[in-house]
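One structure below.
The values are calculated or read from the model by the stated rules, or taken from the named source; none is laboratory data. Computed from a prediction, not measured in an experiment: that's the story for all the values here. Neighbour counts run over all protein chains shown; Cβ positions are idealised from the backbone, glycine included.
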Amino acid sequence: MDTAPATPGSDSSNPTRRVAGLTDLPPGELLAVAAPDGTRVLLANVDGEVHAVANECSHEFAPLEEGELEDDSVVCPWHFSRFCLRTGKALDMPAVDPVATYAVQVVGDEIHLGPRRTPA
């Protein structure tokens, strides 16, 4: 995916970068993208609201992009732990640690990724 310069008018200490278009992520779908620092991030479109979390399960590092979207959570494809897409919180065992979340901003028909947030 290509990235654009910081969003015009954004605070340079809190920039966002374009990581995908809305057409790349229809409602009910997941999409893995690269953050500006190269980290793999999972985007999820939950009824038109876009969320972003780390693309790695906190239990055994499974790629969450291979999981399933279930309401406002993603289900790990390996051991079926669920993670809240809003907070990153692990909702089911065997995972106990949260995954990081990222700020997301939809600008027109583009999805912009902001800074990593501390896990809940």
Counting only residues that are exposed (fewer than 15 other Cβ atoms within 10 Å of the Cβ) and part of a loop (DSSP other than H, G, I, E, B), which one in segment 106-120 is modelled with the lowest pLDDT? Ala120
From Ala103, Ala32, Ala44, Ala52, which residue is assigned to a strand (DSSP E or B), loosely packed, with under 14 Cβ neighbours inside 10 Å and among the aliphatic types (A, V, I, L, M)? Ala103
Of the conditions (1) hydroxyl-bearing (Ser, Thr, Tyr); (2) closer than 22 Å to Thr16 by Cβ; (3) without any contact (Cβ under 8 Å) to a residue 24 or more places away in the chain, Ser73 fails just one. Which one is it? (2)
Restricting segment 65-89 to residues that are touching a Lys or Arg at 6+ places or on another chain (Cβ under 9 Å) and outside any loop (DSSP other than H, G, I, E, B), the residue that is surrounded by the fewest Cβ atoms within 10 Å (Cβ to Cβ): Glu70
